[in-house]
Amino acid sequence: MAVVDCIVKLGGSALTQKGQLETIRPDGLRSAAVIVKRLYAEGKSCIVVHGAGSFGHFQAKDYGVSKGIVGHSPAEMDHLRQGLCLTRLSVTKLNHLVTEQLVKEGVAAVGISPFGAWKMSGRQVVRAGFEAVKDSLISGYVPVLHGDCALDAGQHCCILSGDTIIEVLSKEFSPKQVVFLTDVDGIYDRPPNCPGAQLLNSITVSLSGHLEPVVTTSTLAHDVTGGAGLKIRTAVSIVTQSQGEVRVLICKLGSPGAEKACLQGEIGPGEGTRFVLAAS
């Protein structure tokens, strides 16, 4: 099995104008591609996972894809299926754009959609599509996954977020580091737009999942994947399940710390947030 040096999560808000339907951030896309190019050029094995941003969230919310449906009328089921299809058309469009930019930079990137290979029940992953990712890595490619719709045994369908994909992949592949590249400098003690918000250089995580310091988050109305709260929970889960072996960092895409985090697994003060396992 190929060694995975880095799993890179490209936040939907960093790649797209999240409040504007299917609107890309060209600078963010180029910055992300340059970082992955550096990893690839240095022979480091990596997996890229990106969020949906303004691609998919609006359709998913309008049609209730994340809530699914059980035992309702044929008309309601048809409505839900239409929503799933429209959501997938949108998220795969973004996946194509991300993969295309990587290939333009000379990276042997291949887009991999989770739908079909990943199965859910009660919004929890019960089967993960590892084989395509493993085969791509072994053959020298950079797999590019994305937040997607998934079939759910309990409610027909749901949303499989990029953060959840990261959590499951980290458990399977044990990367040296997982780096979340977002549209803000890292994790703040409260939403960044709130007066007095302070960037946290590190967050200490106990094995029980307790955070020090405590963080307050908020979520956009059309975000069906959990926003910053899910990102923090994912980071905490990766740190605890790996007993602190996997370095988890969150920093701003396009910042000096972003490339350092991905290539070296380190950031300096003010360059982002690192999650650290509490001493036992």
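The values are calculated or read from the model by the stated rules, or taken from the named source; none is laboratory data. Note that the structure is a prediction, hence the values are computed from the model and not measured. Here the Cβ is made from the backbone with ideal geometry for all residues, glycine too, and neighbour counts use every protein chain on show. Remember, those area values only see protein heavy atoms, side chains included, never the ligands or the DNA or RNA. Shrake-Rupley method; radii C 1.70, N 1.55, O 1.52, S 1.80 Å.
Residues in segment 16-59 that are within 16 Å of Val110 (Cβ to Cβ) and in contact with a Ser or Thr (Cβ under 9 Å, 6 or more places away or on another chain) were compared, and the one that is surrounded by the most Cβ atoms within 10 Å (Cβ to Cβ) is Val48. Total residues in segment 145-165 satisfying the condition of being outside any strand (DSSP E or B), among the hydrophobic types (A, V, I, L, M, F, W, C) and surrounded by fewer than 20 Cβ atoms within 10 Å (Cβ to Cβ): the figure is 1. Scan segment 1-15 for residues that are more than 17 Å from the chain's Cα centre (by Cα) and either open to solvent by less than 10 Å² (accessible area, probe 1.4 Å) or closer than 22 Å to Arg88 by Cα (or both) and the total you get is 0.
Residues of segment 126-137 that are over 28 Å from Tyr40 (Cβ atoms) and of a type in the set (A, V, I, L, M): Val126 alone. Restricting the search to segment 17-44, which residues are in contact with a strand residue (DSSP E or B) (Cβ under 6 Å, 6 or more places away or on another chain) and of a type in the set (Gly, Ala, Ser)? Across segment 17-44, the qualifying residue is only Ala32. Note on segment 187-202: among residues that are crowded, with 16+ Cβ neighbours inside 10 Å and more than 11 Å from Gly272 (Cα to Cα), the one that is modelled with the lowest pLDDT is Pro192. For segment 55-75, the set of residues classified as within 15 Å of Cys149 (Cα to Cα) and either in a loop (DSSP other than H, G, I, E, B) or without any contact (Cβ under 8 Å) to a residue 12 or more places away in the chain (or both) consists of Phe55, Gly56, Gly64, Val65, Ser66, Lys67, Gly68, Ile69, listed by residue number. Residues in segment 66-104 that are of a type outside the set (Asp, Glu), under 30 Å from Val142 (Cβ atoms) and modelled with pLDDT of 95 or more: 20 in all. Looking at segment 165-185, can you tell me whether even one residue there is more than 14 Å from the chain's Cα centre (by Cα), farther than 25 Å from Ile250 by Cβ and among the hydroxyl-bearing types (Ser, Thr, Tyr)? For segment 165-185, residues more than 14 Å from the chain's Cα centre (by Cα), farther than 25 Å from Ile250 by Cβ and among the hydroxyl-bearing types (Ser, Thr, Tyr): absent. Could you grab me the full set of residues in segment 241-258 that are in a helix (DSSP H, G or I), buried (at least 17 other Cβ atoms within 10 Å of the Cβ) and modelled with pLDDT under 95? Gly257 - this is the single residue of segment 241-258 that is in a helix (DSSP H, G or I), buried (at least 17 other Cβ atoms within 10 Å of the Cβ) and modelled with pLDDT under 95.
Exactly one residue out of Val168, Val178, Val184 is modelled with pLDDT of 85 or more and assigned to a helix (DSSP H, G or I), and it is Val168.
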